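The values are calculated or read from the model by the stated rules, or taken from the named source; none is laboratory data. Every value quoted in this text rests on a predicted model; they were computed, and no experiment measured them. When we count neighbours, we look across all protein chains shown, and the Cβ atoms used for this are built from the backbone with ideal geometry, even at glycine. These accessible areas exclude ligands, DNA and RNA; they are computed on the full protein's heavy atoms, side chains included. Shrake-Rupley method; radii C 1.70, N 1.55, O 1.52, S 1.80 Å.
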Amino acid sequence: QVQLVESGGGLVQAGGSLKLSCAASRSIFSINAMGWYRQPPGKQRELVARITYAGSTNYADSVKGRFTISRDNAKNTLDLQMNSLKPEDTAVYYCNVKAGLRIVDYWGQGTQVTVSS
């Protein structure tokens, strides 16, 4: 199966920026959509940003204008550029890929993002 590994998380002050990357163990075909989810402490996992096979993007209202999702096919990575970070952005961020005729979900193990102040 495909292995997804997130990186780029860490501690950043409010107003700062951070870039998350999701690396796939191999090229993924038959992708329906890819996205980033996050789970704040004590809260449910929520969709942050998504990019479809056709390249359409969707963002949670809370991150619109601040976050940008992108895919680098050459490096088999999915990135999330996060700007103007707020303390409410603090969460474990997960990479997700939906692929195959059955639309199987692949998940990374998550990377911690902590926004201070």
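Just wondering, is there one or more residues in the stretch 3-10 that are within 14 Å of the chain's Cα centre (by Cα), at pLDDT below 95 and more than 14 Å from TYR93 (Cα to Cα)?
no
Would you call THR90 within 17 Å of GLY16 (Cα to Cα), open to solvent by 30 Å² or more (accessible area, probe 1.4 Å), within 14 Å of the chain's Cα centre (by Cα) and among the hydroxyl-bearing types (Ser, Thr, Tyr)?
Working: within 17 Å of GLY16 (Cα to Cα): yes; open to solvent by 30 Å² or more (accessible area, probe 1.4 Å): no; within 14 Å of the chain's Cα centre (by Cα): yes; among the hydroxyl-bearing types (Ser, Thr, Tyr): yes.
Spelling it out, it is not the case that THR90 is within 17 Å of GLY16 (Cα to Cα), open to solvent by 30 Å² or more (accessible area, probe 1.4 Å), within 14 Å of the chain's Cα centre (by Cα) and among the hydroxyl-bearing types (Ser, Thr, Tyr).
Among the candidates SER17, SER27, single out the residue that is hydroxyl-bearing (Ser, Thr, Tyr) and touching a strand residue (DSSP E or B) at 6+ places or on another chain (Cβ under 9 Å).
The unique qualifying residue is SER17.
Go through the stretch 77-117 residue by residue and tally those that are closer than 20 Å to GLY65 by Cα, in a loop (DSSP other than H, G, I, E, B) and either of a type in the set (Ser, Thr, Tyr) or free of Cβ contacts under 8 Å to residues at least 24 places away in the same chain (or both).
Qualifying residue count, the stretch 77-117: 2.
Take ASN73 and decide whether it is open to solvent by 60 Å² or more (accessible area, probe 1.4 Å) and either over 10 Å from the mean Cα position of the chain (by Cα) or under 16 Å from THR114 (Cα atoms) (or both).
On the way: open to solvent by 60 Å² or more (accessible area, probe 1.4 Å): yes; either over 10 Å from the mean Cα position of the chain (by Cα) or under 16 Å from THR114 (Cα atoms) (or both): yes.
Yes.
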